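Q: Sharing a structure below in structure tokens format, with a few things to ask.
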Amino acid sequence: MHVPAGGAAGPLVVSVCRESGEFGRLAGEWGELWARCAGVTGFQGHGWLHSWWLAYAGRRDRLRIVLVRSAGVLVGAAPLMRTYRPGPVVVALGGGITDYVDVLVAADGVAGTTPEAVARALAGGIRAVARGAVVDLREVRPGAAAFAVYDAWRGPRRRAAGSVCLELPGLPMEELIARVGSSRGQRIRANLRKLDAAGVTVHEAAAHEVPDAVAAMLRLHRAQWRGRGVTPEHLRPRFAAHLTRAATAMVAGGEAAVAEFRVGGRLVAANLTVLSPTLAGGYLYGADPALRGTKVDVTTLLMRHGVQHAAGAGRPVLSLMRGAEPHKFHWRPEHVANERLLLASRPLGPVLHARYALAVIRTRLSRAAAARLPALRTWRARLHGLRVRLRPGA
């Protein structure tokens, strides 16, 4: 399929990748495109997406990656699959374990293109692969290229609320501390001094060291959350396989960092940070439960490391990702809402609007539950304390 570029360059050529092997072979040119995109995150890197497909694709899932080239150069990509939930739907690769979803659009005018022309070409390609299905893109971050595809869409479309992510500006540690007020700031500075006094060392794994580092991080993560409601997916073999494979490729490509923290040579914590030119985000960490009785504050430890990847590398955003864990709010982060983009052909308008209505209802129910969450956490903590006091020998 050919789409006029609207400039001096020749037509944009749109194709569709349908095979896993072909997707794997795209790694090189996908990485070159990723580096030319504005606003992408590490979740749009080939390492994350291809690994996710290998780990999570089901029997009824069909790969449908829309590719746009100009003069043989890859200038746009929409990593999608066609599935059934229960009706036919086209969704982004990454599923529920991906915090930010997007398409890739070269922002630098390579091969005589413009981002607007590439977005229009992607919209046309997505419309072709979505014939008979609604397109449902969840967790689209503000400023994402997917909004240009949404604007170029011909047919019914709706925007719904997605998850809220917590973000901090990519400022040096002292400026972040100044944002939280004098009392909290004094505690953070004290925690930083304790980290130095404890002799905490940091080692960032090279690509060949990532498999062992990820395995250790997941062991610590399981231990840290034991008895406290760990996310079930984090315990599953497919998640471990995906994270190991993805992180290895991402570290090699500069799209992630896996850090190990030691005290006296003993591993006490590890974390995975997702990287892009504009964002550093802490995706997952594990910490030895024994640290709770020491002077090593895990939140401060991880924040200091995140700041090094954000402000220290000129990235304007330090993302704390999804999740409303209480320790994140100590830093007074900004609440940044992802969105859900729904697209369809005209005959499927009623199906799209029904899906949109269901999304709105679920969002309202979720927010109502979240409003009650602090009270539920308080009662849970009280019950846990009561069980501890009633234990024999307590």
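The values are calculated or read from the model by the stated rules, or taken from the named source; none is laboratory data. Please read all numbers here as calculations on a predicted model, not as lab measurements. Methodologically, a virtual Cβ is constructed for each residue, glycine included, from the backbone with ideal geometry; neighbour enumeration extends over all protein chains shown. Note: accessible area is taken over every heavy atom of the protein model, side chains too, but ligands, DNA and RNA are not part of it. Shrake-Rupley method; radii C 1.70, N 1.55, O 1.52, S 1.80 Å.
Q: Can you work out the FRET efficiency for the pair Lys295 and His208, with r the C-beta to C-beta distance and R0 = 30 Å, to the nearest 0.05?
A: According to the calculation, E is roughly 0.35.
Q: Now for a separate question. List the GluC sites (Glu not before Pro) within region 19-70 that fall in a DSSP loop (any state other than H, G, I, E or B) and whose Cβ has at most 15 other Cβ atoms within 10 Å. Spell out each step's value before the answer.
A: Details: sites: Glu19, Glu22, Glu29, Glu32; in loops: Glu19.
Passing both the DSSP loop test and the Cβ count: Glu19.
Q: Summing Lys, Arg as +1 and Asp, Glu as -1, what charge do residues with Cβ under 13 Å from the Cβ of Val210 carry, Val210 excluded? It would help to have the intermediate numbers written out before the result.
A: Working: positive: Arg245; negative: Glu204, Glu209, Asp212, Glu255, Glu260.
Surrounding charge for Val210 is -4.
Q: Dividing the Cα convex hull volume of the chain by residue count, how many Å³ per residue is that? Each step should come with its number before you reach the end.
A: Details: hull volume 61.5 nm³, N = 394.
Roughly 156 Å³ of hull volume per residue.
Q: Above 19 angstrom, tally the Cα pairs of region 234-335 and express them as a % of all pairs, no decimals.
A: Value for region 234-335: 48 percent of Cα pairs lie more than 19 Å apart.
Q: Separate question: Distances longer than 19 Å among the Cα atoms of region 105-196: what percent of all pairs is that?
A: 61
Q: Ok, one more. Which order do Trp34, Trp225 take when ranked by solvent-accessible area (1.4 Å probe, heavy atoms of all protein chains), largest first?
A: Trp225, Trp34
Q: Further question: How large, in percent, is the carbon and sulfur part of the accessible surface of the chain at a probe radius of 1.4 Å?
A: Values: 10190 of 18200 Å².
That fraction is 56 percent.
Q: Is it possible to state the helix-based mean residue ellipticity at 222 nm for the chain, with each DSSP H run of 4+ residues giving -39500 (n - 2.57), the sum divided by total residues, to the nearest 500 deg cm²/dmol? What is it? Don't jump to the answer; show the numbers that get you there.
A: Working: 12 runs with 164 residues, N = 394.
Per the formula, -13500 deg cm²/dmol.
Q: Specify the angular offset, from 0 to 90 degrees and rounded to the nearest 10, of the alpha carbon long axis of helix 182-198 from the longest principal axis of the alpha carbons in the chain.
A: With rounding to tens, the tilt is 80 degrees.
Q: Subtracting the Cα-Cα distance from 0.36 nm times the residue separation, let me have the gained length for Val180 to Asp196 in nm, one decimal.
A: Working: separation 16, 0.36 × 16 = 5.76 nm, distance 2.15 nm.
Fully extending the segment from Val180 to Asp196 adds 3.6 nm.
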